[in-house]
Amino acid sequence: MTRLLLILGLALGGCAAREDFVVHDGPDARPKDLGAVGLVGATALSALPGALAEDDPFFEGLFIGNVTHSGGFLFEETEGEGSPVRSKEYTFAAQDTYTETASEWLDGAFAEELDRAGLSWVRLEAPPEAIPLPARRKVRGSSEQDGTDNVNLPRFTLEPAPLPAGHALGEGVEAYVVPLIVVYYSHNGGWFVGQRKGCGGGARLRVFWTVYDAATGRVVSWRDVETRSIHNYINQPNGAQLDDFLIETEGKFEDELHKHLVP
């Protein structure tokens with residue numbers, strides 16, 4: 001019976017593939033206005049010092065890898081109150097593989113846009129400790145996306161911090177572009193933490209990028225973009241389908257990047 005309810009819940013409560021959406025964005029300034037650009041290699045936000053409070057990237061909303069939901073669903077008791085529905089068990093895999101894949105893809109996506117705009121740019125490699133940790137704030141209230149979304153609740157916003165005095169991400173450029181991978185994951189059908197119902201298999205990514213003035217370290221512009229893919233009737237995707245879901249989300253992000261990095 002539990003298995004039947006799970007299948008019915010996924011079929012009725014799931015949602016089809018949706019458009020990408022921008023979580024938040026800052027001042028509307030572009031790297032092309034600043035001269036030569038230094039593109040810092042894509043870094044996982046979870047790798048920045050202080051990013052993880054409990055060293056659990058999935059529950060803290062900073063996961064990269066594949067998620068397998070299993071065991072049905074449950075209500076957890078937290079401090080005497082029933083917490084929202086979630087899958088009973090989660091299995092995590094391919095974290096290193098997905099981190100490498102996401103980094104290579106994102107580096108290529110940013111490079112393509114800078115080339116397309118005819119900008120002068122160089123690739124920079126900066127250690128995670130050199131990149132300022134964005135400020136993270138919990139979003140109060142609900143969102144129209146809540147219910148059967150493929151992300152853990154509560155949602156949160158990110159805002160960039162300026163580069164510290166004496167920063168040294170690179171030399172010979174007027175602007176730094178710093179992309180951070182917030183999440184990049186695929187999954188089978190199940191319940192994400194805090195959602196009211198389950199969803200089918202899919203994928204999700206979130207990228208936060210900041211443009212800095214290289215001379216002063218001040219934030220010039222930034223953008224925070226999430227894209228997702230959810231498929232109602234594919235609850236146990238195979239490896240090729242998981243790749244398809246990720247490629248779909250990447251394509252949606254690339255459309256957004258093209259519109260806003262160098263319009």
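The values are calculated or read from the model by the stated rules, or taken from the named source; none is laboratory data. Please read all numbers here as calculations on a predicted model, not as lab measurements. Positions of Cβ are generated from backbone atoms using ideal geometry, with glycine treated the same way; all protein chains shown enter the neighbour counts.
Determine, yes or no, whether Glu256 is of a type in the set (D, E, K, R), at pLDDT 95 or above and in a helix (DSSP H, G or I).
No, not satisfied.
Looking only at the stretch 138-155, how many residues end up being closer than 18 Å to Pro57 by Cα, surrounded by fewer than 17 Cβ atoms within 10 Å (Cβ to Cβ) and touching a Gly at 6+ places or on another chain (Cβ under 8 Å)?
Total meeting the criteria: 1.
Regarding Val211, is this residue part of a strand (DSSP E or B) and more than 16 Å from the chain's Cα centre (by Cα)?
yes
On the basis of being free of Cβ contacts under 8 Å to residues at least 60 places away in the same chain, surrounded by fewer than 21 Cβ atoms within 10 Å (Cβ to Cβ) and in a loop (DSSP other than H, G, I, E, B), does Gly217 make the cut?
Here the answer is yes, as Gly217 does meet what is asked.
Hey, among the residues in the stretch 170-188 that are crowded, with 20+ Cβ neighbours inside 10 Å and farther than 19 Å from Thr249 by Cβ, which one's farthest from the chain's Cα centre (by Cα)?
Val173
Can you tell me which residue in the stretch 93-137 is surrounded by the fewest Cβ atoms within 10 Å (Cβ to Cβ), limited to those that are among the small types (Gly, Ala, Ser) and within 27 Å of Asn188 (Cα to Cα)?
In this case the residue turns out to be Ala93.
Only residues that are assigned to a loop (DSSP other than H, G, I, E, B) and in contact with a helix residue (DSSP H, G or I) (Cβ under 7 Å, 6 or more places away or on another chain): list them for the stretch 177-196, please.
Listed by number, the list holds a single entry, Gly189.
Among the residues of the stretch 42-59, which ones are of a type in the set (Gly, Ala, Ser), assigned to a loop (DSSP other than H, G, I, E, B) and crowded, with 18+ Cβ neighbours inside 10 Å?
Once the filter is applied, which keeps residues that are of a type in the set (Gly, Ala, Ser), assigned to a loop (DSSP other than H, G, I, E, B) and crowded, with 18+ Cβ neighbours inside 10 Å, the stretch 42-59 yields Ala42, Ala51.
Would you mind finding the one in Glu174, Glu254 that is touching a helix residue (DSSP H, G or I) at 6+ places or on another chain (Cβ under 9 Å), under 21 Å from Gly35 (Cα atoms) and of a type in the set (D, E, K, R)?
Sole residue among the options that is touching a helix residue (DSSP H, G or I) at 6+ places or on another chain (Cβ under 9 Å), under 21 Å from Gly35 (Cα atoms) and of a type in the set (D, E, K, R): Glu174.
For residues in the stretch 227-242 being surrounded by fewer than 19 Cβ atoms within 10 Å (Cβ to Cβ) and touching a residue at least 40 places away in the same chain (Cβ under 8 Å), which is nearest to Ala111 (Cα to Cα)?
So the residue we want is Gln241.
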